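Just so it is clear, none of the values below were taken in a lab; they were calculated from the coordinates. Owing to the predicted nature of the structure, the values given are computational and were not obtained by experimental measurement. FYI the Cβ positions are ideal-geometry reconstructions off the backbone, even for glycines, and counts take in every protein chain you see.
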Amino acid sequence: MPGQEYFVPETPHSTPSLLARGTWAEARRVAAVLRKETVGGVLLLAGTLIALGWANSPWSAGYRTMIGRTVGPAALHLDLSLATWAADGLLAIFFFVAGLELKREFVAGDLRDPRRAAVPVAAAVGGVVVPAVAYTLINLGGAVRGWAVPTATDIAFALAVLAVIGRWLPSALRTFLLTLAVVDDLLAIVIIAVFYTAHLSVLPLLGALVPLGLFTLLVQRRVRSWWLLLPLAFATWALVHASGVHATVAGVLLGFAVPVLVSERSPRPDPGLAEHFEHRFRPISAGIAVPVFALMSAGVTIGGVAGLRSALTDPIAIGVMTGLVLGKPVGILAATWLTARFTRARIDDGLAWIDVAGLAVLGGIGFTVSLLIGELSFGAGDGHVKVAVLVGSLTAALLATVVLRLRNRTYRRLYEAEQLDEDHDDIPDVYQERSP
């Protein structure tokens, strides 16, 4: 129609644009995700501080008693400590949401375009490979089994820091960080499944296919009844746990089973089932599962200045901190640059490589999954790994603050330009292009 305004996507023959602005619908969805994850990051920080304070207080014995308390049915081999329930059970919810998010991005989001997907996927891969290599080189001939500890990016912590220091960050960079973190989570769960499965029991693993198959059949038929789906999800989780594969893998598999697109036969204009479940479970993941895991896992007794010095001079700790503070940003930035180089893409107007560098440094915040992999590598009692993860993540956050705060004035101008809505149709003009 004459005068109609709409978003014109990048054509296949146009010059590829690095970190290009997505659609308005995707920008609104990402903004909603960021708000929930930012609140979750604040709660995660609170849980971490409580755990550290409690573990280094005169009441530290109470903390050890709490995380070691065993609950659950012994007949089903689920008589686990509270710390194990947090790591294996609550984080399965976190990875379920990550699975939903990842599938939605590649099926219905802006990343269904391979050119858009190439940059964050390559950045995530680079952010895994380089820290792993850095850790391994430092610990050659020693504890190389911890190579995967510095490979993870904590989505809640990173977004919480970003909300404080980068309020005016352009939406394309926010989307880039969110997608990178989600792909990073997928790589982490693959690493956990492949490299941290010591004893594999085939029968329980095959048995898990039965409830997983029934769950898939029901959700493909758009069944939302919790009393049907939750028991099947729990049975899948329990059997995967019994098989020796880390139980969080079940969360990702269940997330991948949920359909993203709305059925053509659906009489209601509701969002897809994946979006429905994400809306329901993301607050539980960000507000309960991850903060409680931090409370159960971050409590390490430092032992004063001498204890801190001892922890930080351990080659394992040096490898972890080097991987997070140097390996992560180098890997992310190098992979992004190489992708742009070989695809002949140009960075989007209004952005600069210093913005990408700031986000790459922010990717060194590897709290939640790094603690999980640290426990799988060295056991829950290794305090040096926990101290290294905490110090490395804090250092990465401070360095990112320095870099991104220098760009904050530019971010504000870009944000104000994006929100300009001269035709008052509640859609920023930057997401529209007038038809001829």
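Values computed for the structure shown
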| read-out | value |
| --- | --- |
| ³J(HN,Hα) computed for each position of the stretch 48-62 - Karplus, 6.51 cos²θ - 1.76 cosθ + 1.60, integer Hz, glycine/proline x | 5, 5, 5, 4, 5, x, 5, 5, 10, 9, x, 9, 4, 4, x |
| The stretch 78-216, relative contact order in percent, only Cα pairs under 8 angstrom and at least six apart counted | 27 percent |
| Peptide ranges 228-238, 148-158, 114-124 listed from the most packed, as the mean C-beta count within 10 angstrom indicates | 148-158, 114-124, 228-238 |
| Relative contact order, percent, the stretch 202-244 [alpha-carbon distance under 8 Å, six or more residues apart] | 65 percent |
| Span from the the stretch 49-64 Cα centroid across to the the stretch 331-384 one, whole angstrom | 31 Å |
| Sequence-distant residues sharing a close amide H with Ile347 (under 5 Å, placed H) | Leu18 |
| Those GluC sites (Glu not before Pro) in the stretch 234-327 that DSSP places in a loop and that have at most 12 other beta carbons within 10 Å | Glu264 |
| Mean Cβ neighbour count within 10 Å, used as a protection proxy, ranking 77-89, 179-191 highest first | 179-191, 77-89 |
| The stretch 304-393 - Rg (one decimal) and Dmax (whole number), Cα, Å | 16.5, 52 |
| Highest-first arrangement of 310-316, 328-334, where packing means the average Cβ count within 10 Å | 328-334, 310-316 |
| In Å, descending, principal axis extents of the Cα set of the stretch 281-357 | 52, 38, 20 |
| Taking the stretch 42-129 and dividing mean pair separation by its residue count, relative contact order in percent (alpha carbons under 8 Å, at least six apart) | 11 percent |
